[in-house]
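Chemist: Dumping the structure here so I can ask a few things about it.
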Amino acid sequence: MKPDIRIRLCVIGFGNRTRKYLKYVESHPDEVELCAVVDTDPLRLAEAMSMYGMDHSRYFVSVDDFLASDVPADAVLVATSDKSHYSIALKVLEKGMHLLLEKPMARTSSQCIELVSKAEQAGVVAGLCYIMRYHPYYRRIKEIAASGELGRIVSISHREVVGIDRMTHTFVRGNWSREEESSPVFISKCCHDVDFLLWLTGDARNIGGADISAMPGTPAPEVPHAGGSTSGAASGVYGYEVLSSGSLSRYCPSSAPSEAAARCIDCPIERHCRYSAVDLYLRRREWIGNFPISGAADEEEVIARELRDGRYGRCVYHCDNDVMDYQEASFTLPDGVRIDMVLDGISDSDGRETHIRFEKGYLTAMNGRIIVHSDSPVPDSSAACGSPSMAQGSTVSGAPYFTEASLPGGCSIDANLPLPCREEDYREVCSRPLHAGADIAIMEDFCHAIRTGSRMQCTLQDALPGSLAALAVEESRIKGGSGR
C-alpha cells in the first residue's frame, strides 16, 4: 500500500477498547479513516452513528453482513467478546484484509496456530493488542533486561493484583464472569503478562521462529472447572513445563455473610461492605460506562435500574460467576529459567509487580518504579544499561545510570540510593491516559506497517508463544494431573 493513501478501517465491536484505539483514527485523518462499524448491540451502533456521522449503510449488526457488503475496507480492528475472536479473525483473514485483534487471540492452541498460518498465507499485516509490549514502563524493563548489564535472567516472580473494583465489576458481576461465555480469567487478564515475561527472557524466539505447520495443536479445554480449586501440570507440546492451581474462594455463596441479600440495594450490611454495588456505581459513579441506557431519562435512572434489576446490582457472593479469583502458575523454560506468576483478585489493591533475578543483580518493578541493583560493587562500565534507543547515561562511582534527560518525559532517577542501586521513576508516565499512550502506539504501529510494508512490533506470530503458554496454564489448572 502506498504511504500517501489513507487506510480504510472497519471496527468490529464498538466497546471500550475500540473507542480507545479510535483516538488514533480521530487524530490522524490523513492516514486512516473509519469506513464501517459492526456491533450486535443496536444501542452501540446508534452511539457510533451519533459520534461519526457516516451513512447508515456503513453500520452493521453482523460480521457476515459487513463482509457481504460493497463497503471498501483495507483493514479491520476486532475487539469483541473473547469467544468470538477466532471466528471473526478467521473470516477477516480469508477476505485478505489486514487485521488488528484484541487479546486474547483465541480459546485453543489449534485456533491460535491456524490464525497465524492464515495470516501468513494471506500476506497481510496481522497484529495482536498486547499492550505491555508498547507501554513505556514495560519497554524500559525489557531494555534493561536485554542490555546485558546484569547478565542472563535466572528467575522471575510476577504478580498481578486485579483490584477489587475491576474484579467485582468485570469478573464477578460482568461479562467476563463465566468461562464458557468469555474466557478463563487467566486468559483474559494475564495472557499479555505471560507474553511480556517470555519476551523478557527471549524465550519467545524458541516458538515464534518455529515452523507453525510442525507445531502440535492440542486445544485447551473449552469447558472449565466451575469454582473450587484445581491444579495440575502440562508439558511437552510447549517445550517447557507448566504448573498451575487456582481457586474460587472469595466471591461465592460459601463466603457470604449470613445477613447478605441477593441484591446490594436490599442488603442490611451494604454500608459496611467493600463490594457494595451501591457504593461503586451510585455513590462513586465508577465503572458505569457500559450500563444500558435504552429508555432511561438520565444517568441516575440508568444506575437505579441496573441496581434494581441488572447484573451489576447483584451481591458478589450470589452471582453465577465461575472464574477463578486466585491463581498461581509457574513455567520452567528449557534453559532452566523459572517464572512464577500470581493472579490475585482478592487483595484490596491493584497493579503489577515484577522481580527479576539476574546472574549479576536483580530488578524490582512495582508501583511505577524500577529499581536495579548490581551484585558487583564496581560493575563493568562498558556494559550498556539500556538499548540504543535511549542515550547512554553517566557513571557515578563505577555504577552506570541514566541521567533524567535521557529518560522519557516524566521519568526521574533517585540518585540517593546506595550504590550500586538506581531507581527510575515512571509514575507520572504510567498515570497518563490510554495506557500511557500504548493504545495509540499499537494503532500507529499497525497503520505504519500497512502503509510502508514494515513488520509490526507484535504480530500474531510474535504473540503466539505467550498465547500458547497462557492456554497451557489453563490446561494445567483444569487437568489436575501430570503433564505429558
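Any read-out appearing in this document is the output of simple, stated calculations on the displayed coordinates, not a laboratory observation. Values in this document were obtained by computation on a predicted structure and should not be read as measured data. Because the Cβ atoms are built from the backbone with ideal geometry, glycine has one as well, and the counts that use them run over all protein chains shown.
Chemist: For region 358-365, what does the Karplus curve 6.51 cos²θ - 1.76 cosθ + 1.60, with θ = phi - 60°, yield as ³J(HN,Hα) per residue in whole Hz, taken in order and with x for Gly and Pro?
Modeler: Along region 358-365, the couplings run 9, 4, 10, x, 8, 10, 10, 10 Hz.
Chemist: Taking amide H positions as placed in the peptide plane 1.01 Å from N, state which residues far from Gly361 in sequence (5 or more) or on other chains have amide H under 5 Å from it.
Modeler: Amide H to amide H, under 5 Å and 5 or more residues apart or across chains, Gly361 pairs with Asp375.
Chemist: While we're looking at this one, here's another question. Mind grabbing the base-10 log of I(q)/I(0) for region 253-318 at q = 0.15, 0.19 Å⁻¹? Debye formula, identical points on the C-alpha positions, no solvent, two decimal places.
Modeler: -0.44, -0.68
Chemist: Now, a different point. Looking at region 235-338, which trypsin sites (Lys or Arg not before Pro) are in a loop (DSSP not H, G, I, E or B) and have at most 13 other Cβ atoms within 10 Å?
Modeler: Arg274, Arg284, Arg285
Chemist: Residue by residue, what Karplus-based ³J(HN,Hα) values in Hz, rounded to whole numbers, does region 92-101 have, using 6.51, -1.76 and 1.60 with θ = phi - 60° and x for Gly and Pro?
Modeler: After applying 6.51 cos²θ - 1.76 cosθ + 1.60, I find 5, 5, 5, 7, x, 9, 5, 10, 10, 10 Hz.
Chemist: Would you mind ranking Met49, Met341 by Cβ crowding within 10 Å, fewest neighbours first?
Modeler: Met49, Met341
Chemist: Quick check: residue separation of Asn290 and Asp64 times 0.36 nm, minus the Cα distance between them. What number comes out in nm?
Modeler: 78.9 nm
Chemist: Given contacts defined as C-alpha pairs under 8 Å and at least six residues apart, what's the relative contact order of region 253-318, whole-number percent?
Modeler: Relative contact order here is 43 percent.
Chemist: Related question: Suppose R0 equals 22 Å; then what is the FRET efficiency for Lys95 and Glu33 from their Cβ-Cβ distance, rounded to the nearest 0.05?
Modeler: The value I calculate is 0.70.
Chemist: In region 1-54, which trypsin sites (Lys or Arg not before Pro) fall in coil by DSSP and have 11 or fewer other Cβ atoms within 10 Å?
Modeler: The qualifying sites: there are none.
Chemist: Next question, about the same structure. Met51 to Ala261: extension gain in nm, 0.36 nm per residue of separation minus the Cα-Cα distance?
Modeler: Contour length minus the Cα-Cα distance gives 71.6 nm.
Chemist: Now for a separate question. Could you tell me the distance between the Cα centroids of region 1-44 and region 141-183, to the nearest Å?
Modeler: Their Cα centres are 28 Å away from one another.
Chemist: Among the GluC sites (Glu not before Pro) within region 38-131, which fall in a DSSP loop and have no more than 12 other Cβ atoms within 10 Å of their own Cβ?
Modeler: In loop regions of region 38-131 (DSSP not H, G, I, E or B), there are no sparsely surrounded GluC sites (Glu not before Pro).
Chemist: Could you list Cys112, Cys129, Cys430 so that the one with the fewest beta carbons within 10 Å of its beta carbon is first and the one with the most is last?
Modeler: Ordered from fewest to most neighbouring Cβ atoms within 10 Å, Cys112, Cys129, Cys430 come out as Cys430, Cys129, Cys112.
Chemist: Modelled label-to-label distance, Lys23 and Arg357, 7 Å Cα→beta-carbon offset: nm?
Modeler: Roughly 3.9 nm, to one decimal.
Chemist: Roughly what would the spin-label model give for Glu444 and Glu181, points 7 Å off Cα along C-beta, in nm?
Modeler: 3.8 nm
Chemist: At what distance in nm do the modelled label points of Leu434 and Asp320 sit from each other, each positioned 7 Å from its Cα along Cα→Cβ?
Modeler: With each label point 7 Å from Cα toward Cβ, the separation is 3.8 nm.
Chemist: Can you sort Val125, Val342, Val92 so the residue with the fewest Cβ neighbours within 10 Å comes first?
Modeler: In increasing order of surrounding Cβ atoms, one gets Val342, Val125, Val92.
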